[in-house]
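Asks: Please read through the structure below; I'll follow up with questions.
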Amino acid sequence: MHIFLALLQVFDIIIHAATNQLEALRVTSNIVILLWLAAKSMGWLTVRPKYAAIAAPGIYIVLNLVFLIDNGFTNNGEPRTMLFILVALTMALSAILLSKSRP
């Protein structure tokens, strides 16, 4: 689960780089998730890991909402379908990891 979520974030960054559309808010949101997963994997979140499991996806969603408010829900008239898919997958996987976190 952790690996798939991490790969999803890396995929999102690569897609943006490959299409020359690197957006700071979107990439920062991906990095927030990657940092959370890295800290979790390294055992750095021993005290109240649920806080990080709530905070990281929370920051991720806020950054993506700010991006949508600033840039709109469409890109050149087309809906940002890939953004919605990637955000939905990230939030679903994060929710699964949250449900498996210790109190």
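The values are calculated or read from the model by the stated rules, or taken from the named source; none is laboratory data. What you see is a predicted model, and the numbers here were worked out from it, not measured in a lab. Cβ coordinates were reconstructed from backbone atoms using ideal geometry, including for glycine residues, and neighbour counts include every protein chain displayed. Just so you know, the surface numbers come from the protein's heavy atoms only, side chains and all, with ligands and any DNA or RNA stripped out. Shrake-Rupley method; radii C 1.70, N 1.55, O 1.52, S 1.80 Å.
Asks: Using a 1.4 angstrom probe on heavy atoms only, work out the carbon and sulfur share of the accessible area of segment 7-91 in %.
Replies: Accessible surface attributable to carbon and sulfur in segment 7-91 totals 70 percent.
Asks: How long is the chain along each principal axis, judged by its Cα atoms, biggest number first, in Å?
Replies: The principal-axis extents, from largest down, are 45, 23, 19 Å.
Asks: Please list 56-68, 36-48 highest first by mean number of surrounding beta-carbon atoms within 10 Å per residue.
Replies: Order by mean packing, descending: 56-68, 36-48.
Asks: On average over all directions, what projected area in square nanometres does segment 64-103 have, based on the convex hull of its Cα atoms?
Replies: Averaged projected area of segment 64-103's Cα convex hull equals 3.3 nm².
Asks: I want the local charge near Asn64. Using Cβ-Cβ distances under 14 Å, sum +1 for each Lys or Arg and -1 for each Asp or Glu among the other residues.
Replies: -1
Asks: Would you grab the residues whose amide H sits under 5 Å from the one on Asn75? Only those 5+ places off in sequence or on another chain, please, with H modelled 1.01 Å from N.
Replies: Arg80
Asks: Using helices alone, what [θ] at 222 nm do you get for the chain, with -39,500 (n - 2.57) per DSSP H run of 4 or more residues, divided over all residues and rounded to the nearest 500?
Replies: So the helix-based figure for the chain works out to -25500 deg cm²/dmol.
Asks: Taking Cα pairs under 8 Å and at least six residues apart, what relative contact order does the chain come out at, in percent?
Replies: 36 percent
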